[in-house]
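Everything below concerns the one structure shown next.
Nothing in this text is a laboratory measurement; each read-out follows from the coordinates by a stated rule. As the structure is a prediction and not an experimental result, all values here were calculated from the model. Cβ: placed from backbone, ideal geometry, glycine included. Neighbour counts: every protein chain shown.
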Amino acid sequence: MDAKARICELMQERQWSEYRLAIASGLSQSTIANIFVRNTMPSISTLESICKGFGITLAQFFSEGESVELSEEQRQMFNDWCALSAEEKEVLAHLIRVFKSK
């Protein structure tokens, strides 16, 4: 698998820039830029940070296909969720639990 192509795919799905990925993953902009400019293969620890930023596991990163079929509405909701910060995810999860309890 081409890690660079997969990172690009995930960035495009979320409409993220390299800067947004750097912020979400806690990596420097130069680390992210080197993947694309110098065509370097990211280390496992860098990939783990990138996956954490995307809100996915390494297994999901390397999976060849989707393990669950999602409707377009579900896919959009998932992509929106992935774009949230950890704090925003926590707030939204709390709100969902409140709605479910009513």
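Data table
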read-out: Every pair of residues 6+ apart whose Cβ atoms lie under 8 Å, when the first sits in segment 17-37 and is without any contact (Cβ under 8 Å) to a residue 60 or more places away in the chain while the second is among the acidic types (Asp, Glu) and part of a helix (DSSP H, G or I); value: Gln29/Glu18; Ile32/Glu18; Ala33/Glu18; Phe36/Glu18
read-out: Residue within segment 77-84 that is on the phi < 0 side of the Ramachandran plot and touching a Cys at 6+ places or on another chain (Cβ under 8 Å) present; value: no
read-out: Subset of segment 87-102 [of a type in the set (Gly, Ala, Ser) and surrounded by 10 or more Cβ atoms within 10 Å (Cβ to Cβ)]; value: Ala93
read-out: Some residue of segment 62-72 being surrounded by 14 or more Cβ atoms within 10 Å (Cβ to Cβ), of a type in the set (A, V, I, L, M, F, W, C) and part of a helix (DSSP H, G or I); value: no
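So that you can scan it fast, the table gives a plain yes or no per residue for (1) in contact with a helix residue (DSSP H, G or I) (Cβ under 8 Å, 6 or more places away or on another chain); (2) of a type in the set (D, E, K, R):
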residue: Gly26; (1), (2): yes, no
residue: Asn34; (1), (2): no, no
residue: Lys52; (1), (2): yes, yes
residue: Gln60; (1), (2): yes, no
residue: Ala83; (1), (2): yes, no
